Amino acid sequence: MFATIQLCTYNRAALLERVLEACFDQSVPDDAYEVVVVDDGSGDATPAVLERAAARASCRFVVVRQPNSGLAAARNAGIARAGGRRIMFIDDDVLPLPNFVAEHLRSDRAHPAAIVRGGAVEVTDIDDLPPPIWSIRNYSANYFWTTNVSVPLETIRNIGGFNASFAEYGWEDIDVGLRLRAAGIKAVFNPRALVYHVKPRALGANVDSMLAQARAKARTAAALVRLHPGWRAALATGINPAQRAAAGMRRRLGLSRLLWRRLAGIDPNRPLSAGQARTARALANEAYYEELERVL
C-alpha cells in the first residue's frame, strides 16, 4: 500500500461524514491507499457516522476508538495502525480534493524522503465551496502542519511520533516539525495537493471557548519552548522579549477591557459579524499572552 490518510476526530459527527466522503473519493485506485480514523472519545453521534462510513468505504478503512487522550496521543494511535509507505495527516474539519492522494504521491516520487506540505483553502460554509484555487493568502509557513502534510511512515515512527505530553490544544505538530527539521528531513510544498479547511463563522456563544483554547495554547507553547529553546520556537510562540514586551504594553493600556466592551450585548445564538470576529480574535490573543506570563 502506498499511502495512509490519517485523521483524528472528537465530537464533530456532522462534519466528519463529509470529510470521510471526500477521503473515499480519491482519483487513485482504491487499493493504493487506506483511511485510518481515531475517535478520541467522542460523546456525540461519531460512532454511528463511522459505522455508516465503514459500510460504504471503497478503500481499506480502519477505525481506532480510545478514551479522550488528546490529539498527540490520538495521532500516535493512528500511526500505530497505519500501513501506507507515506502517511498523510489531515484534521476532521478538512475536505481533501479528489487529487489529494495522487498529488502527495507525485511529490513522493520526486522527493521520497521529504515532508510534503499541501495547500489549504479556508472556507466558512461546507455547502458553498469556492473554486479549488490556492493563492498565497492561504499559505502557511509551518514546516509540519497537520491540516495537510505527509511524510514517510518510517520517518515519523523513527522520531517517536507525536509527543503525548502535549495533552492540551496546540503545538504538537510544530514540535514534530522541529524534530524532523533537526533530523535533517527536508520539506517541499505542493500547492496542487489541495484541501478545503472548514472554519464556520463563530457564534456569540463561542467567544468563551475561543479564550479557553487560547489559554490552553499558551500553556502548550511554554512546554514547546522548554523542549526547543531555539529561535524558531521562540518566534512562533511569541515567547521572546519583543513580543512579550508589546503584549505587556497592551495589558497596561487595558486593551482587554476595551475589547470586552466592544463585545458587550452580543447575541450568543447569532454568528459574529466580521468586526466582532476580529475583536474576538484580538481578545483571544490577549488571553494567550496573559496566560503565557502566568505560566512562565
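On the stretch given as segment 266-293, residues that are small (Gly, Ala, Ser) and over 14 Å from ARG250 (Cβ atoms) total 5. With the condition kept exactly as written, say whether any residue in segment 16-27 is in contact with a strand residue (DSSP E or B) (Cβ under 9 Å, 6 or more places away or on another chain) and more than 19 Å from PRO132 (Cα to Cα). Yes; the residues of segment 16-27 include at least one that is in contact with a strand residue (DSSP E or B) (Cβ under 9 Å, 6 or more places away or on another chain) and more than 19 Å from PRO132 (Cα to Cα). Restricting ALA13, ALA22 to residues that are touching a residue at least 24 places away in the same chain (Cβ under 8 Å) and out of contact with any Pro (no Cβ under 6 Å at 6 or more places or on another chain) narrows the list to ALA13. Could you tell me how many of the residues in segment 222-275 are under 24 Å from the mean Cα position of the chain (by Cα) and over 21 Å from ILE174 (Cβ atoms)? Number satisfying all stated conditions: 3.
Residues in segment 17-34 that are of a type in the set (Asp, Glu) and within 24 Å of the chain's Cα centre (by Cα): GLU17, GLU21, ASP25, GLU34. Considered as a group, the residues in segment 180-216 that are surrounded by fewer than 20 Cβ atoms within 10 Å (Cβ to Cβ) and under 16 Å from the mean Cα position of the chain (by Cα) include one that is farthest from SER165 (Cα to Cα), and that residue is PRO200.
Can you tell me which residue within segment 167-191, out of those that are in a loop (DSSP other than H, G, I, E, B) and closer than 14 Å to TRP145 by Cβ, is modelled with the lowest pLDDT? Steps first, please.
Applying the first criterion (in a loop (DSSP other than H, G, I, E, B)) to segment 167-191 yields 167-171, 183-186.
Narrowing the set further to residues that are closer than 14 Å to TRP145 by Cβ leaves 170-171.
Values: GLY170: 88, TRP171: 93.
Only one residue tops the list, namely GLY170.
Yes or no: GLY170 at positive phi, free of Cβ contacts under 8 Å to residues at least 60 places away in the same chain and not hydrophobic (A, V, I, L, M, F, W, C)? So GLY170 fits the description; yes.
Looking at the structure I just gave you, is THR146 in a helix (DSSP H, G or I) and either assigned by TED's automatic domain parsing to the domain that holds CYS23 or in contact with a Ser or Thr (Cβ under 6 Å, 6 or more places away or on another chain) (or both)? Answer is no for this residue.
The values are calculated or read from the model by the stated rules, or taken from the named source; none is laboratory data. The structure presented is a predicted model; accordingly, all values stated were derived computationally and were not measured. Note that we place each Cβ from the backbone using ideal geometry, even for glycine, and neighbour counts take in every protein chain shown.
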